[in-house]
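For reference, the structure is listed below as structure tokens.
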Amino acid sequence: MNRTGLPFLLPMLVLSLAGFLVPLALLGVFSLVDTSGAPTLDNYRRLFADPFILSVLVDTLGLGAKVVALTTLIALPIVLLYWHAGPRMRRVIVFLTLLPMLTSNVVRTFAWIVILGRLGPISQAMVELGFFPAPRSLLFNETALVVVLAQIELPLLVLPVIAVMTRSDGSLAAAAATLGAGPWRVLSTILLPMMAPGILAGWVLVFAGATTSYVTQSVIGGARLIYLPQFVYREVGVLFQWPSAAAAAFVLLAATSVVMLAMTAASRHPRLAGHA
Amino acid sequence: MTSRPFSRRQFTAGLASLPALGLLSPGSVRAAGSVVAASFPNAWEDAYRKIVAPLVQAQGTELVVAPALAQDQLAKLLANPSKPPFDALLMSPGQTAEAASRGLIEKIDPSRLKNWGKLAAAARTEYGPNVTVEINGIAYNPSLVPKPAGYKDLFENRAYDGKVAWIGFGSNTATMAWVEIAKLYGGSEDDMAPVFKLLASHLPKIGAIANNGSQQMTMFQQGEIAVFMASTGNVARLKSLGVPCEFVHPASGSPSVPVTIHLAKGAANPQGVYQYMDAAISADAQAKLALPPTEMIPTNADVPLPPGIKAFVSDEQMKTLVYPDWAKINAKRAAWTAEFDRVVRK
């Protein structure tokens, strides 16, 4: 690092240390003591011995994986459209991708309550088309939650992939097509490998956002779908079990970190990083 | 490009000025002569900001109203008991008992409250004045469901299938309803087994299980649900928004709960808290709070019950109010909360 740049980094480093690492360390200490302050591993033992909590952990990671999958399915056509579009259309796509990010996550989540509600446009349309005999709520199930989280997290996947694609050599796809490769072959052998670093970076962000999104999980999923953020909140806010909540928070941190580290490691692989 | 030299001394001076600007010291955001008072979100928060804050301001103290549910207030106090985030708290007996037993609130000196003598005798507690009594029952949308006769009706009458929302034991309103339901089905304040059995068998017919009362009110507004356990204040709020909503006193009696202002132990401005307490129990404030949209039952004996409140609760119904035994409930509340999650989880 350039020595002259260090003073400019210091405020951020101090803020990170004071606002993130120190509280995290305190949380770590909380997770390793009992309510009387004596050191113990019981908080972790209890978590892993309770099938209910384990299933909550599995569901949380499963939710992240489902949101990543759906977000990818929606994001890739958008990126391909961007790839083939002219400058004006590209600006429109980037603007429309960024637009939802200009409103808060809470507002977007509450907008979905209206859309998926019993009296919302989807339910009404289904009744009119004869698919539902009566208006029906589409909220409070995991499918709805995955759809909502995919919409909320979509920019986090689209933007890194677009950033990678704009730096890529566009003539490669044209050259492949000239040499006789069909559209699917161009997609699978040229475009997808070019997108791979951006996709993996986006997956890390989407996965982290989906697994930790307390507001969306609780508002769209309701209280019958329990994921680790709600479990941690309940342990702290209702049961006042700080040691147990701290241990659960660390398990969530460790579980999401492992998945994200795996994705980050994959993105550095020479083939996926586009250096093969 | 030319770069302007930036000396180490200049940088250090800049960094040193941050605390002076209040950027590195969270405590300094609290202005001198102010009181941070926790209040329940939405209706309470709005009303206290509009009605009580100006009365406190008139005495030279700024009232900062911080929205937080009673259970959240307790959790935040427990997180930092030596430097409480609130000077004054707003709690019901369930949380008051916890806060007192953990030494988080202080007994007050009534002689410092000018309006103390105006309070009804039952509203004077050693840990602070009761500012209202919340009467709880069943809220329903008359355009979607018939008027419920009581809690049993909600489980046994098919007209309510898919229309009722419930919440777990984190909420006082819900906890009181579950206690009453337990009694109706053979349980008691310390035996919730019949409730969990009933819940497990009734789950497919439940409209929704929400995380908190505010979420239930949002669902009610959106037509997602037509019935939820509510206080008269919740119903008054929804009515003021034009939502078709009526209040029913359960046949078994309406669980009721006083709401009390407490002085947090270690509060930065105890004198300001007394000014706030006095303003909140003054006839001026309570007369306004008794009107729509809050319609809080006054505890100041000088304030007559306005017609709006009389429509919610008659003198006869006042006699059948039920006051739960919070000591018994608190002893098992954590276990019930955990059990509820396990029973309702999909």
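The values are calculated or read from the model by the stated rules, or taken from the named source; none is laboratory data. Since the model is a prediction, treat every value here as computed from it, not as a measurement. Cβ atoms come from the backbone with ideal geometry, glycine included; neighbour counts cover every protein chain shown. With ligands, DNA and RNA removed, areas are computed over all heavy atoms of the protein, side chains included. Shrake-Rupley method; radii C 1.70, N 1.55, O 1.52, S 1.80 Å.
Looking only at residues that are under 18 Å from the mean Cα position of the chain (by Cα) and more than 9 Å from every other protein chain (Cβ to nearest Cβ) in the stretch A:133-147, which one is nearest to A:Gly221 (Cα to Cα)?
Looking at residues that are under 18 Å from the mean Cα position of the chain (by Cα) and more than 9 Å from every other protein chain (Cβ to nearest Cβ), I get A:Leu145.
If I ask for residues that are facing chain B (nearest Cβ under 10 Å) and not aliphatic (A, V, I, L, M), which ones from the stretch A:235-248 would you list?
Hits for the stretch A:235-248 are A:Glu235, A:Gly237, A:Phe240, A:Gln241, A:Trp242.
Give the stretch B:103-117 a look and list any residue that's out of contact with any helix residue (DSSP H, G or I) (no Cβ under 7 Å at 6 or more places or on another chain), surrounded by fewer than 22 Cβ atoms within 10 Å (Cβ to Cβ) and either of a type outside the set (Gly, Ala, Ser) or free of Cβ contacts under 8 Å to residues at least 24 places away in the same chain (or both), or say none.
Result: B:Glu106, B:Lys107, B:Asp109, B:Ser111, B:Gly117.
Scan the stretch A:228-249 for residues that are open to solvent by 40 Å² or more (accessible area, probe 1.4 Å) and over 25 Å from A:Leu205 (Cβ atoms) and jot them down.
First, pick out the residues of the stretch A:228-249 that are open to solvent by 40 Å² or more (accessible area, probe 1.4 Å): A:233, A:241-242.
Result: A:Gln241, A:Trp242.
Can you tell me which residue within the stretch A:116-143, out of those that are open to solvent by 40 Å² or more (accessible area, probe 1.4 Å) and small (Gly, Ala, Ser), is farthest from B:Ala165 (Cα to Cα)?
A:Gly130
Against the condition without any contact (Cβ under 8 Å) to a residue 40 or more places away in the chain and either in contact with a helix residue (DSSP H, G or I) (Cβ under 8 Å, 6 or more places away or on another chain) or open to solvent by 50 Å² or more (accessible area, probe 1.4 Å) (or both), how does A:Thr189 come out, does it pass?
yes
Of A:Val232, A:Val219, A:Val206, which residue is within 14 Å of chain B (Cβ to nearest Cβ) and either assigned to a loop (DSSP other than H, G, I, E, B) or under 20 Å from A:Ala144 (Cα atoms) (or both)?
Values: A:Val232 fails: either assigned to a loop (DSSP other than H, G, I, E, B) or under 20 Å from A:Ala144 (Cα atoms) (or both); A:Val206 fails: within 14 Å of chain B (Cβ to nearest Cβ).
Answer to the selection: A:Val219.
Assuming B:Gln215 fulfils every condition listed in (1) open to solvent by 10 Å² or more (accessible area, probe 1.4 Å); (2) polar (S, T, N, Q); (3) under 19 Å from the mean Cα position of the chain (by Cα); (4) at pLDDT 95 or above apart from one, which condition is it?
(4)
Looking only at the stretch B:286-297, decide whether some residue is out of contact with any helix residue (DSSP H, G or I) (no Cβ under 9 Å at 6 or more places or on another chain) and either of a type outside the set (Ser, Thr, Tyr) or under 21 Å from B:Ala174 (Cα atoms) (or both).
Within the stretch B:286-297, one or more residues are out of contact with any helix residue (DSSP H, G or I) (no Cβ under 9 Å at 6 or more places or on another chain) and either of a type outside the set (Ser, Thr, Tyr) or under 21 Å from B:Ala174 (Cα atoms) (or both).
Any idea which residue in the stretch B:198-212 is farthest from the other protein chains (Cβ to nearest Cβ), counting only those that are more than 20 Å from the chain's Cα centre (by Cα) and open to solvent by less than 10 Å² (accessible area, probe 1.4 Å)?
The first filter runs over the stretch B:198-212 and keeps only residues more than 20 Å from the chain's Cα centre (by Cα), leaving B:198-208.
The next check asks that each one be open to solvent by less than 10 Å² (accessible area, probe 1.4 Å); those that pass are B:199, B:208.
Numbers: B:Leu199: 11, B:Ala208: 6 Å.
Taking the candidates together, the pick is B:Leu199.
Please go through the stretch B:118-161 and give me each residue that is in a loop (DSSP other than H, G, I, E, B) and in contact with a strand residue (DSSP E or B) (Cβ under 9 Å, 6 or more places away or on another chain), ordered by number. Write out each step before concluding.
At the first step, the residues of the stretch B:118-161 found to be in a loop (DSSP other than H, G, I, E, B) are B:120, B:126-127, B:141-150, B:157, B:161.
Hits for the stretch B:118-161 are B:Ala120, B:Tyr127, B:Asn141, B:Pro142, B:Leu144, B:Val145, B:Pro146, B:Lys147, B:Pro148, B:Ala149, B:Gly150.
In the stretch B:215-224, which residues are over 15 Å from A:Gly221 (Cα atoms) and either facing another protein chain (nearest Cβ under 10 Å) or out of contact with any helix residue (DSSP H, G or I) (no Cβ under 9 Å at 6 or more places or on another chain) (or both)? Spell out the reasoning first.
Of the residues in the stretch B:215-224, the ones over 15 Å from A:Gly221 (Cα atoms) are B:217, B:220-223.
Correct list: B:Gln221, B:Gln222, B:Gly223.
Out of the residues in the stretch B:307-346 meeting the condition of being in contact with a helix residue (DSSP H, G or I) (Cβ under 8 Å, 6 or more places away or on another chain) and within 27 Å of B:Asp46 (Cβ to Cβ), tell me which one is farthest from the other protein chains (Cβ to nearest Cβ).
Here the answer is B:Ile309.
Given the residues B:Ala251, B:Ala236, B:Ala287, which is the only one that is assigned to a helix (DSSP H, G or I) and open to solvent by 20 Å² or more (accessible area, probe 1.4 Å)?
Within the list B:Ala251, B:Ala236, B:Ala287, the selection yields B:Ala287.
Kindly indicate whether B:Asp87 is touching a residue at least 60 places away in the same chain (Cβ under 8 Å) and among the acidic types (Asp, Glu). Talk me through it step by step, then tell me what you get.
Numbers: touching a residue at least 60 places away in the same chain (Cβ under 8 Å): yes; among the acidic types (Asp, Glu): yes.
The answer is yes for B:Asp87.
Could you check B:Gly186 against (1) at pLDDT 95 or above; (2) assigned to a loop (DSSP other than H, G, I, E, B); (3) buried (at least 23 other Cβ atoms within 10 Å of the Cβ) and say which number it fails?
(3)
Exactly one condition in (1) surrounded by 12 or more Cβ atoms within 10 Å (Cβ to Cβ); (2) over 21 Å from A:Thr212 (Cβ atoms) is false for A:Ile113; which is it?
(2)
Within the stretch A:1-91, which helices (runs of 4 or more DSSP H) (wholly inside it) include 1 or more residues that are among the β-branched types (Val, Ile, Thr), farther than 14 Å from A:Ala247 by Cα and touching a residue at least 12 places away in the same chain (Cβ under 8 Å)?
Per the criteria, A:51-84.
Since A:Leu159 meets every condition but one in (1) over 15 Å from the mean Cα position of the chain (by Cα); (2) part of a helix (DSSP H, G or I), which condition does it not meet?
Unmet for A:Leu159, out of (1) over 15 Å from the mean Cα position of the chain (by Cα); (2) part of a helix (DSSP H, G or I): (1).
Out of A:Leu225, A:Leu261, A:Leu252, report the one residue that is open to solvent by less than 30 Å² (accessible area, probe 1.4 Å) and part of a helix (DSSP H, G or I).
From the options A:Leu225, A:Leu261, A:Leu252, the qualifying one is A:Leu252.
Could you check the stretch B:314-329 and list, in sequence order, the residues that are open to solvent by 30 Å² or more (accessible area, probe 1.4 Å) and either part of a loop (DSSP other than H, G, I, E, B) or more than 22 Å from B:His249 (Cα to Cα) (or both)?
B:Ser314, B:Thr320, B:Tyr323, B:Asp325, B:Ala327, B:Lys328
Scan the stretch A:25-33 and tell me whether some residue there is buried (at least 16 other Cβ atoms within 10 Å of the Cβ), touching a Leu at 6+ places or on another chain (Cβ under 8 Å) and β-branched (Val, Ile, Thr).
No; the residues of the stretch A:25-33 include none that is buried (at least 16 other Cβ atoms within 10 Å of the Cβ), touching a Leu at 6+ places or on another chain (Cβ under 8 Å) and β-branched (Val, Ile, Thr).
Among the residues of the stretch B:37-54 satisfying the criterion of being over 17 Å from the mean Cα position of the chain (by Cα) and open to solvent by 40 Å² or more (accessible area, probe 1.4 Å), which is farthest from the other protein chains (Cβ to nearest Cβ)?
So, considering only residues that are over 17 Å from the mean Cα position of the chain (by Cα) and open to solvent by 40 Å² or more (accessible area, probe 1.4 Å), the one farthest from the other protein chains (Cβ to nearest Cβ) is B:Pro54.
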